[in-house]
Amino acid sequence: MASPVVETRGLGKVFRDFWGRPRVHALKGLDLGVEPGEVFGLLGPNGSGKSTTIKILLGLLHPTAGFAKVLGGSPREVKLKARIGYLPEESNFYPHLSAEETLSFFGSIFALPTQVIRRRTDELIHLVGLEGARRRLVGEFSKGMLRRIGLAQALINDPELLILDEPTAGLDPIGNREVKNLLVDLKRRGKTVLISSHLLADIEEVCDKVAILHEGQLRAFGAVDRLLADDQRTQITTRRLSPGTIEAVRALLDEREGADLKVEVGMPSTRLEEFFVRTVTSAKNEPAAGGKAQP
Ligand SMILES: Nc1ncnc2c1ncn2[C@@H]1O[C@H](COP(=O)(O)OP(=O)(O)OP(=O)(O)O)[C@@H](O)[C@H]1O
Ligand SMILES: [Mg+2]
């Protein structure tokens with residue numbers, strides 16, 4: 001198997017106060033692995049350590065225990081940064097540059113040839129749906145437009161690994177759909193993507209694997225469909241059934257499985273949301289101990 005694109009072993013981060021005393025244990029022994037070509041979702045409540053993990057992977061913070069490897073090297077290696085695209089939680093752009101000037105500016109930071117910058121600027125402006133605003137100043141952009149230009153900026157160096165902190169936050173439903181399509185398209189082109197998000201329906205739709213953090217610890221890790229699979233229950237999904245058919249099915253189940261069988265009839269729900277709430281609630285009730293690992 002190819003080596004992981006992102007790997008952390010026993011990763012720990014303690015933030016200290018002014019006097020050097022430990023103040024917050026933001027990460028406690030985190031083991032993560034993201035394989036090439038995967039879209040990976042990092043989930044967890046506010047303050048659970050998602051952004052801290054991302055900042056360590058980008059070399060912006062030092063771990064206080066364990067190690068992190070990105071694209072086979074240390075996150076602090078400068079030459080690796082050219083192969084990573086990053087969308088921060090909140091982007092800050094020069095307000096007096098237009099959308100296309102902003103992308104040219106970031107292209108020049110990566111020392112790309114002028115021809116390449118011009119071509120990629122055109123492609124990316126189209127990709128993120130900002131054609132109508134390419135000459136407008138970024139300082140005038142709405143929240144969703146800023147998210148879009150941020151995504152284009154994260155892609156300007158055609159990165160192998162994309163790290164996106166809440167990519168769909170602030171987008172309207174169409175923008176949200178477009179970003180999800182974009183992520184699926186990037187995956188098809190062999191990119192590896194690490195996303196942190198609170199929008200569980202989005203994560204469920206685009207991610208192959210997820211990790212759920214709680215107070216700096218891994219509480220669940222694995223392929224989305226395997227984590228959500230429940231071998232204690234059987235689910236049959238069809239188009240909407242008539243009340244008569246449902247009654248007939250109930251009678252059959254009574255006859256075959258006994259009258260005490262609990263049968264729920266309803267519409268399918270967002271299962272990752274259910275799973276997330278269950279995981280975080282049980283983490284609150286029984287602290288510490290390892291996560292439910294299902295690679
Ligand atoms: N620079 C810092 N100094 C002190 N404590 C910090 C610092 N950065 C983060 N923390 C603490 O570390 C913990 C994890 O924070 P982090 O930003 O990683 O959470 P998060 O999962 O990204 O949350 P959110 O969903 O709100 O973005 C929190 O308790 C936070 O207060
Ligand atoms: Mg965060």
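Before moving on, here are some points about what is shown:
- Lys143, Lys191 arranged by Cβ crowding within 10 Å, fewest neighbours leading: Lys143, Lys191
- Take every pair of alpha-carbon atoms less than 8 Å apart whose residues are at least six positions apart; their mean separation over the length of the chain yields a relative contact order of 22 percent.
- Placed amide H near Leu87: partners under 5 Å, 5+ positions off or other chain: Ile163, Leu164, Asp165
- Ascending count of other beta-carbon atoms within 10 Å, so fewest first, for Thr281, Thr234: Thr234, Thr281
- Close amide-amide hydrogen proximity is noted between Leu11 and Gly29, Leu30, Asp31, Phe67, each under 5 Å apart and 5 or more residues distant or on a separate chain (H modeled in the peptide plane; Pro and chain starts excluded).
- For the chain, built as a Gaussian network whose Cα springs stay under 10 Å, the top-fluctuating residue of Pro45, Pro173, Pro63: Pro173
- Gyration tensor verdict on segment 93-158 (Cα atoms; rounded if a/c is under 1.5, prolate if a/b is larger than b/c, oblate otherwise): prolate
- Residue order, fewest to most beta carbons within 10 Å, for His96, His214: His96, His214
- The chain: C-alpha gyration tensor shape, a/c 1.5 cut-off, then a/b vs b/c: oblate
- Of Leu103, Val128, Leu155, farthest towards positive along the dipole that unit charges on Lys, Arg, Asp, Glu beta carbons give segment 93-158: Val128
- The magnitude of the dipole of the chain, with charges of +1 and -1 set on the Cβ of Lys/Arg and Asp/Glu and taken from the Cα centre, is near 960 debye.
Each reported figure results from applying straightforward, stated rules to the coordinates on display, with no laboratory input. Because the structure is a prediction, the values reported are computed rather than measured. For neighbour counting, all protein chains shown are included, and Cβ atoms are generated from backbone atoms with ideal geometry for every residue, glycine included.
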